[in-house]
Amino acid sequence: MLAMTYRGPYRVRLDEKPIPQIEHPNDAIIRVTRTCLCGSDLHIYHGLLPDTRIGSTFGHEFVGVVEEVGPTVQSLKPGDRVGVPFNISCGSCFFCKKSLYGNCENTNPNSSIGAGFFGYSHTTGGYDGGQAEYVRVPFADVGPFKIPDGMSEDDAVLLTDVFPTGYQAAEMGDIKAGDTVIVFGAGPVGIFAAKSAWLMGAGRVIVVDQADYRLEFVQNYAQVETVNFAQVDDIIMTLKKMTDWRGADVCIDAVGAEADGDWLQTLAGVRMKLSGGATTALGWAIESCRKAGNVSIVGVYGPPINLVPMGTAMNKGLTMRMNQCNVKRYLPRLIEHVMSGRVKPSDIITHRVPLEEVSDAYHRFSSKLDHCIKTVLIPPKAA
Amino acid sequence: MTNPDFDSIALARRIPGWGADLRPENRPGVPKEKVPDNGTGAHWEQPEQQITSVRIFKTIERPEVTPVFGTTCAPKGLSGVMRTAAYRLGEGKISRWVTLLLADRVDMFESILLDVIKGRAGNPFSEMGLGTEFRNRREKGFMPRGWYPVIAVGIVGLFAASRAVHQQKEKKRFATFSDEFKKVA
């Protein structure tokens, strides 16, 4: 089968790989029909996540058709159209029983910090991902959801990660009616965090980024105010002035390890790898949040240390919440939002390209060329 | 609430779905820990153990290998030796992660070598997707901004090197000319 393979930092290509096999009785093999590039794919594409092995196939956002199921699979059969949450969960461990699917302890032997993810290095379990024609899906009775009739695959694929992650980001902010919410990052997750903040009754939503085309998009898509941090002298001062000098009730970091805006953070965290990425956006979230406000973090950082202004956070009495998204628990509600027309996830897709153009797609997304926001790859057998 | 101009009616009119999940009971993640409403889909107490012949590393912070795991890209070569060493360290140690990052770079060079030996070396230009750079980069300049200092240093270096070579040649020529002139004189 054709599959994207990682060749080293900034280098990927399409290779022939064996079609995956059933390796566990509750596995399913999915023929991929849509798969996305995610902002967090860029961290591994740039070689920032330890134990990303050459030859790995990335891709944790995908939908497809069930091709084969293992002997104990009960809920799926060949031919079913399914979406697959990016995290792999067993459904029976201490955490899954509390609906914390992103923290499952039965799917990642390599690290105790998180569950197994599709196509996201051996630090998250060493699974091949969905940027391929076929993918092995463990615990097929737990993770995959059947795509409802009437829902497009383009909408469904965005329910496997970015929309739930953005929604959980807003939810972890504990937004109350009329709250002012600042979202750092106008990438796909930031866009959905902003959209979800309205669903939760925010009174004002401000999105911060430096790419004008992304700010323009989120302004139109989510009806928010925007600030380009590259065009102001001091982003914290600007945000404080905009929020009666107190700061926002809720600040959301939807950027993560490769934030721009502070050369020292970029040098230490991204170029020299002295810490797990640049925490510039998280620092700004802490600084621009009001005292006793809430900071929500869904930006991805590398282990084990980061430069975070904890003294400020402590003195301001902030509540900080963070997690990988527990996609499965959000699906029923988010499917309702999509089917009712409140949110149209596929509107953020800017590029639909064949899987064969995966190298170009990564470079375009990484370098923010051609006003790229969200890229969907289409394998040849799905075209 | 810090927004003095908050007008829920106007917002609801302007923004589709505004306030649909205002009530905590409409938020699927509230409370943070809860028993799943309709079960998880699991019909086992303890999942069956996946069997494999591929070498799987296990963090020392876990008692045993998890019931399922990925089997792609088994460790190999020098990078495999480095990964073995890294997985003997706890996850709170920077040396674990730095060793894994270094192993990734060694893995890259090993793979390039293997590709060349097997005659399937890829084209780095197309692997980096630089074709799209030429097609799409109009408003942002021609190359990624990070390359500019490298290119500038390269150009200055080349210029300096060519000047140095030129000066050496001139010196030599002048010396030869002077010698010949002395002979003639």
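The values are calculated or read from the model by the stated rules, or taken from the named source; none is laboratory data. Note that the coordinates shown come from a computational prediction; the quantities given were computed from them, not determined experimentally. Every residue, glycine among them, receives a Cβ derived from its backbone with ideal geometry; neighbour counts consider all protein chains shown.
Here are a few things to note about the model shown:
- For A:VAL32, the criteria (1) touching a residue at least 24 places away in the same chain (Cβ under 8 Å); (2) hydrophobic (A, V, I, L, M, F, W, C); (3) surrounded by fewer than 23 Cβ atoms within 10 Å (Cβ to Cβ) hold in every case but one, which is (3).
- Subset of segment A:92-110 (residues that are in contact (Cβ under 8 Å) with a residue 24 or more places away in the chain, crowded, with 24+ Cβ neighbours inside 10 Å and either at positive phi or in a loop (DSSP other than H, G, I, E, B) (or both)): A:THR107, A:ASN110
- Residue satisfying all of: in segment A:8-17; part of a loop (DSSP other than H, G, I, E, B) and more than 16 Å from A:GLY126 (Cα to Cα); nearest to the other protein chains (Cβ to nearest Cβ) among these: A:TYR10
- Single residue of segment A:348-383 satisfying the filter (of a type in the set (Ser, Thr, Tyr) and either more than 20 Å from B:PHE134 (Cα to Cα) or touching a strand residue (DSSP E or B) at 6+ places or on another chain (Cβ under 8 Å) (or both)) that is nearest to the other protein chains (Cβ to nearest Cβ): A:SER359
- Filtered residue count, segment A:268-288, keeping only those that are in a helix (DSSP H, G or I) and among the hydroxyl-bearing types (Ser, Thr, Tyr): 1
- Among (1) in contact with a His (Cβ under 8 Å, 6 or more places away or on another chain); (2) at the interface with chain B (Cβ under 9 Å from one of its Cβ atoms); (3) at negative phi, the one test that A:SER75 misses: (1)
- B:ALA121 passes every criterion in (1) more than 8 Å from chain A (Cβ to nearest Cβ); (2) touching a helix residue (DSSP H, G or I) at 6+ places or on another chain (Cβ under 6 Å); (3) at pLDDT 95 or above apart from (3).
- Taken together, the residues in segment A:4-56 that are among the hydrophobic types (A, V, I, L, M, F, W, C) and over 22 Å from A:VAL162 (Cβ atoms) amount to 6.
- Qualifying residues in segment B:27-45 (those that are out of contact with any helix residue (DSSP H, G or I) (no Cβ under 6 Å at 6 or more places or on another chain) and at the interface with chain A (Cβ under 7 Å from one of its Cβ atoms)) - the one farthest from A:VAL338 (Cα to Cα): B:GLU45
- When A:LEU48, A:LEU42, A:LEU76 are checked against the criterion of being in a loop (DSSP other than H, G, I, E, B), of a type in the set (A, V, I, L, M, F, W, C) and within 24 Å of A:GLY256 (Cβ to Cβ), a single residue qualifies: A:LEU48.
- Where a residue in segment B:146-175 is over 30 Å from A:TYR10 (Cα atoms) and its partner, wherever it lies, is surrounded by fewer than 10 Cβ atoms within 10 Å (Cβ to Cβ) and at pLDDT 80 or above, with Cβ under 8 Å and at least six apart: none
- Selection count, segment A:221-267, where residues are farther than 12 Å from A:ALA186 by Cα, of a type in the set (Val, Ile, Thr) and not in a helix (DSSP H, G or I): 3
- Screening segment B:49-79 for residues that are among the small types (Gly, Ala, Ser) and surrounded by fewer than 18 Cβ atoms within 10 Å (Cβ to Cβ) and picking the one that is nearest to the other protein chains (Cβ to nearest Cβ) gives B:ALA74.
- Residues that are farther than 28 Å from A:PRO78 by Cα, touching a Lys or Arg at 6+ places or on another chain (Cβ under 8 Å), more than 10 Å from chain B (Cβ to nearest Cβ) and surrounded by 24 or more Cβ atoms within 10 Å (Cβ to Cβ) occur in segment A:149-166; there is at least one.
- Residue match in segment A:106-122 (condition: more than 20 Å from the chain's Cα centre (by Cα), more than 30 Å from A:ARG11 (Cα to Cα) and outside the structural domain of A:PRO303 (by TED's automatic domain parsing)): yes
- Looking across segment A:59-72, the residues that are more than 13 Å from chain B (Cβ to nearest Cβ), within 22 Å of the chain's Cα centre (by Cα) and of a type outside the set (A, V, I, L, M, F, W, C) come down to A:GLU61, A:GLY64.
- If the condition is being more than 20 Å from B:ILE94 (Cβ to Cβ) and buried (at least 24 other Cβ atoms within 10 Å of the Cβ), then segment A:260-285 contributes A:THR280, A:ALA281, A:TRP284, A:ALA285.
- Neighbours by Cβ (under 9 Å, 6+ apart or cross-chain): first from segment A:239-252, of a type in the set (S, T, N, Q); second modelled with pLDDT of 95 or more: A:THR243/A:THR180; A:THR243/A:ILE182; A:THR243/A:ARG204; A:THR243/A:ILE206; A:THR243/A:ASP249; A:THR243/A:SER288; A:THR243/A:ARG290
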